[in-house]
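Report on the following structure.
Throughout, read-outs are computed from the coordinates displayed, never taken from laboratory work. Everything numeric here is computed off the predicted structure, so don't read it as measured data. So basically every Cβ, Gly included, is an ideal-geometry build from the backbone, and we count neighbours across all protein chains shown.
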Amino acid sequence: MSADSHPDWHPGTVIDVRPVAQGIQRITIQRPPTRRAHPGTHIDVQVDIGGEPDVRSYSVVESNEDGSQITVSVLLSPQSRGGSKFMHRLAIGDTLLTTQPLQNFALGQGAERYVLLAGGIGITAIIDMARVLKSRQVDYEFVYVARSRELMAYLPQLEQLHGTRLRVHVDDEGTGLDIASLLTSIAADPRRDGIELYMCGPIRLMDAVRRDWLSNGLAIYNLRYETFGNSGWFEPSEFVARIPQLDIETTVGTNSTLLEALNAAGADMMYDCRKGECGLCQVDIESFSGHLDHRDVFLSDRQKQAGSSICTCVSRVAADKDDPTPVLTLSLP
Amino acid sequence: MTTLDSQQSVTAKIFPFPLNAWYAVAWDHEITNKGLLARKVASLPMALYRTADGRPVALGDACWHRLAPLSMGKLIGKDEVQCPYHGLRYNSAGRCTAMPAQETVNPSAMVPSYPAVERYRYIWVWPGDMTLADPDLIPDMHQMDDPGWAGDGLTIEAACNYQLILDNLMDLTHEEFVHGSSIGQAELSESEFRSRYEDDGSVTVTRWIRDVEPPPFWLKNIRDKFPGFSGRVDRWQIIHYYAPSTICIDVGVAKAGTGAPEGDRSQGVNGYVMNTITPETNRTSHYFWAFMRNYRLESQVITTQLRKGVEGVFGEDEAMLTAQQEAIDANPHHEFYSLNVDSGGMWVRRILDRMLQAESTTRPAEIQNRPASAVGGGPS
């Protein structure tokens, strides 16, 4: 919500680090007190990427009463551009710049039933919502999915706190989530219009849920999700971007976004959110090779399938085995 | 030896308000499903309306997009508000449901939806941490809609800090000086009173004035029940304070010596002055009041006469409170000093101060309303 969206940067000190699952580090940072972080909040952290400062957002997993101790949990991503590597190198006593908890994924009140869906590291955005829903004594169901049990942070604590309200699905144990049946059961509930679903996870999971949510005739505004625009349907690969009208041709590396590359090449790009939500950075596509990897939530499925425009802040084209360096040609209006 | 805390923050002139509390935002009849009402509570602008099925809703009164006031918009469908500027729509949970010129809705677009409850003829909102908003915390004002009581009231838009009104209601010795023509009498400030901080967190101030001539307001009331009555009365004022800002005053007179102080009020008339005060800003308040009675319930004319009578009395308070706030602002280097008669008001201030301490570290910076002198506790 707007009231909590203006970042206020302060130095913080790492006071605890510990692994909580395979490749997931739990990091607690001491910073000036503000207020208890509400569910759905994240902090922005200034990270160091090859000597250059950059900003990453991490969901707040735990907070003390005055928000002076904020805990995040970070998955070391093999495709990381360097943010998660930086976070995993942190040790007790290190200092870093962070914002206060910022709200972009607020938990509403008054729904008749809540469904929470966390996929893998997406648990970090959902875990505190579940705690609050339990304390509010409302009807909720908490679905936690992952490829394997070793990758599931906080599982024992969650099983203890949420009991039978927690449903765990693990792909490599053969108990993977059947999205269609989850969504059918929501649609069949007599309270269907009073059910809100909050989710955070890989884009494939969220896209599939969104598609089934709509095909079941559920109201799109009851589906809430957060995306940092950093996961796609394809591995990021290098590609060439062209804007013939501006005589621009540039290579977009795996550690850069299309928006950043075009901007660096001299295009005066318009943008705002930089996470695929607002649509200000969309540009018309003249042609492309390889696969279009739409990572935004601005364009509808129909628009994504049409392939005639792209949100440059998060979306890319991905290589194909026959086309190792695809080319994306953009056109200005 | 114990060290006593300074009372500096307790005697603050511009008293901060707790956010984790229910505040009356409007009378039940003011909020409809025909249109929106703009009203500020605890410095938070709210757009108020009812859904098609009658449920009260309080949304933050600024569109997520460019902050245009939603209260200037219109109601659509079962529970939605349309922004007057670019047509974004929000449901009663504050979630954006439609955006112009795009096929999707930004997944994070929403405005605050404050918990809102209808009770005792008022709509109550909770401006603070909504996870703590338990409707059972709404103060007991059951006389407002209990079949054993009748009456009505009005709202005063008071140009003063809310605590000045609480001070006013917790110490009724001012009646002698402010309300000399209606309810005041010299015996008020001469009579004994007692303040108690009750186990349930409320404060009670009890005052009995025995064997006195009834002032004009009470002579009229007792004659409504006992036509032609003349003579002396035992008069009572029992003030009940419920945090943060509700005061219900049990008032009445009974024929002198008929046992009212001991519990037999059958030879008297009993009213309840219902007051709930909502901070609008640091220096303005919505003051909702009503006068309820438990006799002659059938008489609409008595309801109207009492409402008009109390309106006149409270008009005298409003003029004093406005002048007091102006004097406070005109004398920034002068402090408050306390009198014996302030004990009820000082208990209220201490309770509020504790509520503020409890939530002071957890409130958002932009609505920190604690004055600098109160934070440090040092001399200002």
Query - Vicinal HN-Hα couplings computed from phi for the stretch A:300-306 (Karplus, 6.51 cos²θ - 1.76 cosθ + 1.60; Hz; Gly/Pro x) - result: 7, 4, 4, 5, 5, 5, 5
Query raised in the report: Counting other Cβ atoms within 10 Å of each Cβ, which trypsin sites (Lys or Arg not before Pro) in the stretch B:6-62 have at most 15 and sit in a DSSP loop?
Result: B:34
Report task. Send over the Kirkwood Rh of the stretch A:239-331, from the inverse of the averaged 1/r over different Cα pairs, rounded to one decimal Å. Result -> 13.0 Å
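With the cut-off at 1.5 for a/c, could you classify chain B from its C-alpha gyration tensor as rounded, prolate or oblate?
oblate
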Report summary line: Karplus ³J(HN,Hα) for the stretch A:64-77 (6.51 cos²θ - 1.76 cosθ + 1.60, θ = phi - 60°; Hz, whole; x = Gly/Pro) runs 8, 4, 9, x, 8, 10, 10, 10, 10, 9, 10, 8, 6, 9
Query raised in the report: How large is the charge dipole for chain A, taken about the Cα centre, if only the Cβ atoms of Lys, Arg (+1) and Asp, Glu (-1) carry charge, to the nearest 20 debye?
Result: 840 debye
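Nearest 5 percent is fine: what portion of the DSSP beta bridges confined to chain A is antiparallel?
65 percent
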Report summary line: Per the C-alpha gyration tensor (a ≥ b ≥ c, the square roots of its eigenvalues), the stretch A:113-227 is rounded if a/c is under 1.5, else prolate if a/b beats b/c, else oblate; here it's oblate
Query - Percentage of interatomic Cα-Cα distances in the protein assembly as shown larger than 43 Å - result: 39 percent
Query - At most 12 other Cβ within 10 Å, DSSP loop - chymotrypsin sites (Phe, Trp or Tyr not before Pro), the stretch B:280-358 - result: B:337
**Report entry** Lys/Arg +1, Asp/Glu -1 at C-beta; the protein assembly as shown dipole; positive extreme among B:14, A:241, B:25
**Finding:** B:25
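When 1/r is averaged over all different Cα pairs and the result inverted, which Kirkwood radius in Å belongs to chain A?
21.1 Å
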Report summary line: For residue B:281, the residues 5 or more places away or on another chain with a placed amide H closer than 5 Å to its own amide H are B:43
Query raised in the report: Of A:291, A:250, A:269, which is farthest along the charge dipole of the stretch A:241-323 in the positive direction, counting Lys and Arg as +1 and Asp and Glu as -1 at C-beta?
Result: A:291
Requested in this report: Please turn the phi angles of the stretch B:277-287 into ³J(HN,Hα) values with the Karplus equation 6.51 cos²θ - 1.76 cosθ + 1.60 (θ = phi - 60°), one per residue in order, whole Hz, x for glycine and proline.
Outcome: 10, 10, x, 8, 9, 4, 10, 9, 9, 8, 10
Query raised in the report: With +1 on each Lys and Arg Cβ and -1 on each Asp and Glu Cβ, how big is the dipole of the stretch A:10-102 about its Cα centre, in debye rounded to the nearest 20?
Result: 180 debye
Query raised in the report: For chain B, what is the charge dipole size about the Cα centre, in debye to the nearest 20, if Lys and Arg each add +1 at the Cβ and Asp and Glu each add -1 at the Cβ?
Result: 840 debye
Query - Anchor residue A:275: lysines whose Cα lies under 18 Å away (excluding residues fewer than 8 positions away in-chain) - result: A:304
Query raised in the report: In the structure displayed, which of B:220/B:255; B:220/B:308; A:134/B:78; B:225/B:255 lie more than 22 Å apart, Cα to Cα?
Result: A:134/B:78
**Report entry** Neighbour net charge for residue A:274 - beta-carbon separation under 13 angstrom, K R +1, D E -1
**Finding:** -3
Requested in this report: Give the residues of the stretch B:286-303 whose amide nitrogen is closer than 14 Å to a point set 7 Å from the Cα of residue B:146 in the direction of its Cβ.
Outcome: B:292-295
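Using only DSSP helix segments of four residues or longer, with each worth -39500 (n - 2.57), what per-residue ellipticity at 222 nm results for the protein assembly as shown after dividing by its residue count and rounding to 500?
Numbers: 14 runs with 146 residues, N = 713.
Computed ellipticity for the protein assembly as shown at 222 nm equals -6000 deg cm²/dmol.
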Query raised in the report: Of the residues A:68, A:237, A:185, which exhibits the maximal mean-square fluctuation in a Gaussian network model of chain A defined by a 10 Å Cα contact cut-off?
Result: A:185
Requested in this report: Quick one: which residues, 5 or more positions from residue B:26 or on another chain, have an amide H under 5 Å from its amide H? H modelled 1.01 Å from N in the peptide plane, none for Pro or chain starts.
Outcome: B:123
Query - Exercise: per-residue mean of other protein chain Cβ atoms within 10 Å, A:93-104 - result: 1
Report task. If a cysteine in chain B has no other Cys Cβ under 4.7 Å from its own Cβ, put it on the list, ordered by number. Result -> B:96, B:160, B:248
Requested in this report: Report the residue, chosen from B:119, B:235, B:350, that carries the largest GNM mean-square fluctuation when chain B is represented by alpha-carbon nodes joined by springs under 10 Å.
Outcome: B:350
Query raised in the report: Can you list the lysines whose alpha carbon is less than 25 Å from that of residue B:74, not counting same-chain residues fewer than 8 positions off?
Result: B:34, B:40
Query raised in the report: What stretch of chain A, leaving out the sites themselves, is the longest with no trypsin sites (Lys or Arg not before Pro) in a DSSP loop having at most 11 other Cβ atoms within 10 Å?
Result: A:1-190
Report task. Using amide H atoms built 1.01 Å from N in the peptide plane, name the residues 5+ places from residue A:115, or on other chains, whose amide H lies under 5 Å from its own. Result -> A:141, A:196, A:197, A:198
Report task. With springs connecting C-alpha atoms under 10 Å apart, model chain B as a Gaussian network and identify which of B:84, B:147, B:56 has the largest mean-square fluctuation. Result -> B:147
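So if R0 is 41 Å, what FRET efficiency would residue A:92 and residue A:331 give, r being the distance between their Cβ atoms, rounded to the nearest 0.05?
0.20
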